[in-house]
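Readers should treat all values here as calculations from the given coordinates under stated rules, not as data from a laboratory. Here the structure is a predicted model, which is why all the values come from computation and not from measurement. Note: ideal-geometry Cβ built from the backbone for every residue, glycine included; neighbour counts use all protein chains shown.
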Amino acid sequence: MKLTVLGYYGGFPYQNIGTSGYLIQSGDFNLLLDCGSGVLMSLENQLDPLQLNAVVLSHYHADHIADVGVLQYYWQLHVKRYKTSVLPIYGHTLDSINFDKLDWPDSTKKMVFEEGKTSKIGPFELSFTKTVHPVPAFAIRIREIETDKTIVYTADSRYFSGLTDFSKHADLLIADTNFFSAKTGPIWHMTSTEVGTLANDANVKELMISHLPQADNLNELKQETEAAAGKNVKVILPAVGEKIEIS
Ligand code: ZN
């Protein structure tokens with residue numbers, strides 16, 4: 001499978017780079033993981049959004065769903081739209097107001113995912129675990145069934161031990177790394193050191209730091225992460241449009 005970075009900042013877009021969004025492809029199946037601010041324009045540089053087969057949303061904070069509305073309009077209004085299919089958008093049901101918005105007439109259809117159950121979506125099998133965040137949010141484990149390769153996405157979370165088991169032996173871990181190691185006090189995201197430790201404890205192969213702060217020294221954030229992750233984990237600083245083959 002192949003992952004393409006569409007946006008990686010936390011909170012708000014900055015200097016032409018959007019918030020969370022990743023395109024995950026296997027064969028001709030196109031899965032969008034989170035749909036933050038700026039993600040639709042970034043996606044249009046990769047493919048026609050009408051080619052999406054499914055969307056999965058980790059939680060309903062604006063920096064993860066800001067472009068869902070315009071994606072729904074794209075599917076509703078685009079001249080090339082064939083009205084024979086609707087786009088499934090998977091979300092949790094712990095916030096019914098936001099969940100119900102995933103339905104849009106003749107365009108998108110709300111679909112449920114639940115912790116403890118797997119969802120088969122095209123060539124992928126997805127599982128979910130609730131994270132520690134001010135609103136319900138779910139880390140997502142995506143397994144390509146044919147190859148048994150896995151991507152784990154922490155979504156947004158404070159560090160908690162359950163993330164280690166959930167991330168075990170992932171081929172690629174995409175982790176909320178919103179803070180430098182010096183951050184103190186109560187936090188709802190992880191620090192570079194926590195993410196590096198998580199990746200090391202879970203024996204992942206590659207670690208992409210994400211949900212990044214709008215800082216000009218992100219290489220330092222990467223170096224802090226590497227120091228905690230150890231030499232067996234390759235740490236990746238994302239770039240929009242960057243593609244990673246997981247095979
Ligand atoms: Zn959040």
Percent RCO, i.e. relative contact order, over region 29-130, from Cα pairs under 8 Å lying at least 6 residues apart: 23 percent
Inter-centroid distance (Cα atoms) of region 163-184 relative to region 89-140, Å: 21 Å
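To make sure I understand, if each residue's beta carbon is the centre and we count other beta carbons within 10 Å, what order do SER167, SER85, SER247 fall in, fewest to most? Before the final figure, lay out the partial values.
On the way: SER167 25, SER85 13, SER247 8.
Listing SER167, SER85, SER247 from fewest to most nearby Cβ atoms yields SER247, SER85, SER167.
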Neighbour-count ranking [beta-carbon atoms within 10 angstrom, fewest first] of GLU194, GLU146: GLU146, GLU194
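In debye to the nearest 20, how big a dipole does region 2-245 give about its Cα centre with +1 on each Lys and Arg Cβ and -1 on each Asp and Glu Cβ?
My answer is approximately 280 debye.
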Footprinting exposure proxy for VAL233, VAL132, VAL152 (fewest neighbouring C-beta atoms within 10 Å first): VAL132, VAL233, VAL152
Computed over the chain: relative contact order in percent, which uses C-alpha pairs under 8 Å that are six or more apart: 17 percent
Residues of type lysines that LYS109 reaches as a straight line, Cα spacing below 30 Å, ignoring anything fewer than 8 places off in the same chain: LYS2, LYS80, LYS83, LYS101, LYS117, LYS120, LYS130, LYS149, LYS243
Degrees between helix 218-229 axis and first principal axis of the chain (Cα, 0 to 90, nearest 10): 70 degrees
Span per principal axis, largest first, for the Cα atoms of the chain (Å): 51, 38, 32
Sparsely packed chymotrypsin sites (Phe, Trp or Tyr not before Pro) within region 81-146, loop by DSSP, other Cβ within 10 Å at most 16: TYR82
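About the Cα centre of region 22-104, what is the dipole size in debye to 20, counting +1 per Lys and Arg Cβ and -1 per Asp and Glu Cβ, all else neutral? Show your work: numbers first, answer last.
Working: 4 positive and 9 negative charges, 59 e Å.
Value, rounded to 20: 280 debye.
Which residues make up the longest stretch of the chain that has no trypsin sites (Lys or Arg not before Pro) in a DSSP loop with at most 11 other Cβ atoms within 10 Å?
Between the exposed loop sites, the longest stretch runs 118-230.
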